[in-house]
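Here is the structure we will look at.
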Amino acid sequence: MIFVTVGTQLPFPRLIEAMDEIAGRLYEPVIAQTYEPTRCSNMIVEPQMNGVRYADVLSRARLVVAHAGIGTIMATREAGIPLVILPRRADLGEHRNDHQQGTARQMLGHEGITAVWSEDKLEELLHHSFESPAAHSAPALDGLVSGLRSFIG
């Protein structure tokens, strides 16, 4: 199963619309946390998920597709689930600035995380198999997660 999540602060129609179209051509279920009620033809949609539901869906996913939110990056890293991130873009009105573009660039090269800059690249990636990042040591990302955790408190 593929889990699509846009986080809890803003909708991300570009990602949801692209994934709904792609989900119709995949041979596995896709569950999407969409932030707001959204009508999709090919995905199971839940606008909001409480922590228990989110953890349950995450634990059953073979892959997560998401915005470049640090909370999502940390959650997938801790769960050992591969992640594909499509950062929001300020020039499209998806966020107030391009900090997610910067986050995505910082994640390049980290085991288990793949960044794409356009939704056109998503489908090609979703047909590949992904190896769990838990199968590899990634001390730099582990350090990032630890540092963020202590900063957040």
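The values are calculated or read from the model by the stated rules, or taken from the named source; none is laboratory data. Bear in mind the structure is a predicted one, so any value in this text is a computation, not a measurement. Cβ coordinates were reconstructed from backbone atoms using ideal geometry, including for glycine residues, and neighbour counts include every protein chain displayed. All accessible areas refer to the heavy atoms of the entire protein, side chains included, with ligands and DNA or RNA removed. Shrake-Rupley method; radii C 1.70, N 1.55, O 1.52, S 1.80 Å.
Structural remarks
- Residue, most open to solvent (accessible area, probe 1.4 Å), within segment 40-58, restricted to residues that are assigned to a loop (DSSP other than H, G, I, E, B) and closer than 20 Å to Tyr27 by Cα: Ser41
- Apart from one condition, Gln9 fits all of (1) open to solvent by less than 70 Å² (accessible area, probe 1.4 Å); (2) under 17 Å from Gly69 (Cα atoms); (3) not aliphatic (A, V, I, L, M); (4) not in a strand (DSSP E or B); the exception is (1).
- Checked against the criterion of being under 17 Å from Thr76 (Cβ atoms), modelled with pLDDT of 65 or more and in contact with a His (Cβ under 6 Å, 6 or more places away or on another chain), segment 106-119 contains one or more residues that satisfy it.
Condition check ((1) touching a Leu at 6+ places or on another chain (Cβ under 8 Å); (2) open to solvent by 10 Å² or more (accessible area, probe 1.4 Å); (3) not small (Gly, Ala, Ser)) across all residues:
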residue	(1), (2), (3)
Leu26	yes, yes, yes
Gln33	no, no, yes
Arg62	no, yes, yes
Val65	yes, no, yes
Ile70	yes, yes, yes
Glu78	no, yes, yes
Val84	yes, no, yes
Asp98	no, yes, yes
Glu111	yes, yes, yes
